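Asks: One structure coming up, written as structure tokens, with questions to follow.
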Protein chains: 2
Amino acid sequence: MVKRTRFDATDCPVARSVDAVGDWWSLLIVRDAFDGSRRFGEFQRDLGVAKNILSARLRALVDKGILEHTDSDYVLTEKGEALFPVIVALRQWGEAFSFEPGQPHSELLDRRDGKPLRPIEIHAADGRLLTPADTEVRKL
Amino acid sequence: MVKRTRFDATDCPVARSVDAVGDWWSLLIVRDAFDGSRRFGEFQRDLGVAKNILSARLRALVDKGILEHTDSDYVLTEKGEALFPVIVALRQWGEAFSFEPGQPHSELLDRRDGKPLRPIEIHAADGRLLTPADTEVRKL
């Protein structure tokens with residue numbers, strides 16, 4: 001087992017998020033939870049991951065307060081639901097760069113009208129659209 | 001070395017993104033590139049990661065078209081720059097849930113007025129604000 005580096009003592013919120021989520025499997029479990037999976041078997045079927053790995057990841061997500069384990073269901077907490085922009089951002093980047101034009105892929109749609117969502121935009125406090133070059137990180 | 005599962009044959013854009021980015025180290029390298037790191041030594045100093053690991057991750061990010069290697073600099077490509085919403089979403093989630101109230105952390109600021117950015121919102125094509133419950137995934 002490779003020892004995972006811990007980032008939770010850093011002052012960078014990105015690194016702390018990375019540490020809190022855990023690993024890519026955990027992020028895909030969170031994605032599945034957004035997609036409606038609740039039961040161990042549903043996650044297992046969708047991810048095709050070994051039971052012991054899934055079991056450990058689910059437990060870690062519960063420990064981190066991202067999932068809640070009620071009866072036999074795993075449900076996103078408020079903290080877990082707040083990962084929605086992370087999942088949508090990864091999805092939109094994948095749609096833009098990881099498929100050939102016209103190649104079919106799963107889609108996240110607006111329930112009301114069945115249309116794809118608007119691409120995420122980054123805005124200033126006053127509403128201006130920002131590119132990475134318009135921003136700077138202030139380190140401690 | 002743990003064999004990494006590959007998600008690049010899946011029809012889920014989230015999973016493909018996860019596969020394309022590689023691992024958490026790679027994501028933190030991308031974060032550092034947004035924060036202004038360009039040289040091997042800068043990434044190494046910031047991440048405190050072993051040189052061989054950093055070297056392999058940088059090469060993989062170049063192979064995936066996320067970074068470009070020019071002279072001694074590693075610079076985000078257009079595909080790499082497009083990860084900005086992913087990094088901002090992880091940062092904002094970390095700010096919300098991974099620090100005690102008032103605990104200092106690095107900040108992403110608007111260059112023009114030095115203010116923190118607006119929290120990312122997810123919008124429908126017609127502009128309505130969407131929560132996870134307002135959306136559904138159409139699988140293939």
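All of the numbers you see were taken from the coordinates with simple rules; none came from a lab. Source: prediction; values computed, not measured. Note that each Cβ is placed from the backbone with ideal geometry, even for glycine, and that neighbours are counted across all protein chains shown.
Asks: Please find the FRET efficiency linking A:Val62 to A:Arg138, where r is the Cβ-Cβ separation and R0 is fixed at 22 Å, and quote it to the nearest 0.05.
Replies: 0.05
Asks: Hey, another quick one. Would you pull out the residues with amide H under 5 Å of A:Thr135's amide H, same chain only if 5 or more places away, H placed 1.01 Å from N?
Replies: B:Arg111
Asks: Right, something else. On a full-extension model of 0.36 nm per residue, what is the gain between A:His69 and A:His123, subtracting their alpha-carbon distance, rounded to one decimal in nm?
Replies: 15.9 nm
Asks: Now for a different question. If I stretch the segment between A:Thr77 and A:Thr131 completely, what's the gain in nm (0.36 nm per residue apart, minus their alpha carbon distance), one decimal?
Replies: 16.3 nm
Asks: Between rounded, prolate and oblate, where does the protein assembly as shown land on the alpha carbon gyration tensor, with a ≥ b ≥ c its root eigenvalues, rounded for a/c under 1.5, else prolate if a/b exceeds b/c?
Replies: In terms of gyration-tensor shape, rounded.
Asks: Name the shape class, rounded, prolate or oblate, that the alpha-carbon gyration tensor gives for the range B:19-62, where a ≥ b ≥ c are the square roots of its eigenvalues, rounded holds for a/c under 1.5, and otherwise prolate holds if a/b is larger than b/c and oblate otherwise.
Replies: It comes out oblate by the Cα gyration axes.
Asks: With the Cα gyration tensor of chain B giving a ≥ b ≥ c as the square roots of its eigenvalues, does the rule (a/c under 1.5 for rounded; else a/b larger than b/c for prolate; else oblate) give rounded, prolate or oblate?
Replies: Cα axes put chain B in the oblate bin.
Asks: Sticking with this structure for a sec: Between Rg and the Kirkwood Rh of the range B:64-140, both from Cα atoms, what is the Rg to Rh ratio?
Replies: Result for the range B:64-140 is an Rg/Rh of 1.06.
Asks: So what is the 222 nm mean residue ellipticity for the protein assembly as shown from helices alone, if each DSSP H run of at least 4 adds -39500 (n - 2.57) and you divide by all residues, rounding to the nearest 500 deg cm²/dmol?
Replies: Taken over the protein assembly as shown, the calculation gives -12500 deg cm²/dmol.
Asks: Under a straight-distance cross-link criterion of Cα-Cα below 28 Å, which lysines are reachable from A:Lys139, leaving out those fewer than 8 residues away in the same chain?
Replies: Filter leaves A:Lys3, A:Lys64, A:Lys79, B:Lys51, B:Lys79, B:Lys115.
Asks: While we're here: Taking the Cα centre of the protein assembly as shown as the origin, how large is its charge dipole in debye, to the nearest 20, when only Lys and Arg (+1) and Asp and Glu (-1) carry charge on their Cβ atoms?
Replies: 780
Asks: Right, here's the next one. Just tell me how shielded A:121-133 is by partners: mean number of partner chain Cβ atoms within 10 Å of each residue's Cβ, no decimals.
Replies: Mean partner-chain Cβ count within 10 Å for A:121-133: 6.
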